[in-house]
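Visitor: After the structure tokens below, expect a handful of questions from me.
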Amino acid sequence: MVMEILISSATSAFVAWYMTTRRSPTIRARDFAVVDEMGRVRASLGMGPTGPQLEIGGQTGRFRILLGMDKGIPKLIVGDEQGNDRLILANDVAGPSLHIVDSEQRTLLSLQDNLADGGTLTFYSPNGKPKLMIGNVGQQPVMVMYDDNGEATWHASPNGKRDSSAKTKARALQKP
């Protein structure tokens with residue numbers, strides 16, 4: 001009986017030592033999926049079509065949060081229950097940007113940091129055309145108002161002059 005207790009204790013001690021001192025193996029896979037009690041995928045980590053990504057799904061099974069790389073550009077996308085992108089945060093070579101979009105994927109608001117000139121905040125109309133842009137263009141603070149077609153109609157800058165180069169740059173910055 002004593003011998004059995006000693007053997008059992010020694011075996012337990014050896015197993016505990018072995019489990020705590022060995023290196024964990026690297027797990028390699030193309031995708032990992034987390035499923036709910038019904039077997040529906042609720043989250044996944046894997047390689048997407050444009051790079052690695054983490055997707056977290058909602059109650060319907062459609063993704064609600066996507067964090068990943070899109071052709072070398074890090075992105076965070078938050079979707080609605082129908083799976084439509086609604087908030088897009090990205091950081092590309094031009095600088096970081098945040099876009100809020102409607103269910104038709106039209107931009108409603110964008111905040112962009114153009115590393116060369118500075119940041120801009122642009123409000124869009126329901127048709128997806130810019131209506132108001134406030135920010136830095138050509139390293140100068142400006143405010144530009146647009147008509148229903150997205151054409152600049154009014155422009156203000158510190159020097160009080162209408163600057164056609166700033167208008168051209170403002171038009172170039174209106175697209176996400």
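Visitor: For residues in the range 72-84 being surrounded by 17 or more Cβ atoms within 10 Å (Cβ to Cβ) and under 10 Å from the mean Cα position of the chain (by Cα), which is farthest from Met47 (Cα to Cα)?
Guide: Here the residue is Ile77.
Visitor: Here is a follow-up. Only one of (1) over 13 Å from the mean Cα position of the chain (by Cα); (2) part of a strand (DSSP E or B); (3) small (Gly, Ala, Ser) is not met by Gly61, so which one is it?
Guide: Exception for Gly61: condition (2).
Visitor: Would you mention how many residues in the range 81-100 are on the phi < 0 side of the Ramachandran plot and either of a type in the set (Lys, Arg) or at pLDDT below 90 (or both)?
Guide: Selection size over the range 81-100: 7.
Visitor: Further, regarding this structure: Limited to the range 109-131, what total is found for residues that are part of a strand (DSSP E or B), surrounded by 15 or more Cβ atoms within 10 Å (Cβ to Cβ) and not aromatic (Phe, Trp, Tyr)?
Guide: Within the range 109-131, residues that are part of a strand (DSSP E or B), surrounded by 15 or more Cβ atoms within 10 Å (Cβ to Cβ) and not aromatic (Phe, Trp, Tyr) number 11.
Visitor: OK, next. Could you give every pair whose Cβ atoms fall below 9 Å, whose first residue belongs to the range 79-93 and is under 16 Å from Leu108 (Cα atoms), and whose second residue is part of a strand (DSSP E or B) and modelled with pLDDT under 85, counting only separations of at least 6 or pairs across chains?
Guide: If the second residue must be part of a strand (DSSP E or B) and modelled with pLDDT under 85, the pairs left are Gly79/Phe63.
Visitor: What are the residues in the range 46-71 that are modelled with pLDDT under 90, among the hydrophobic types (A, V, I, L, M, F, W, C) and crowded, with 16+ Cβ neighbours inside 10 Å, if any?
Guide: Selection gives Phe63 alone.
Visitor: Across the range 101-133, what is the total count of residues that are touching a Lys or Arg at 6+ places or on another chain (Cβ under 7 Å) and at pLDDT 90 or above?
Guide: 4
The values are calculated or read from the model by the stated rules, or taken from the named source; none is laboratory data. Predicted, not measured: the structure shown is a model, and the values here were computed from it. Note: ideal-geometry Cβ built from the backbone for every residue, glycine included; neighbour counts use all protein chains shown.
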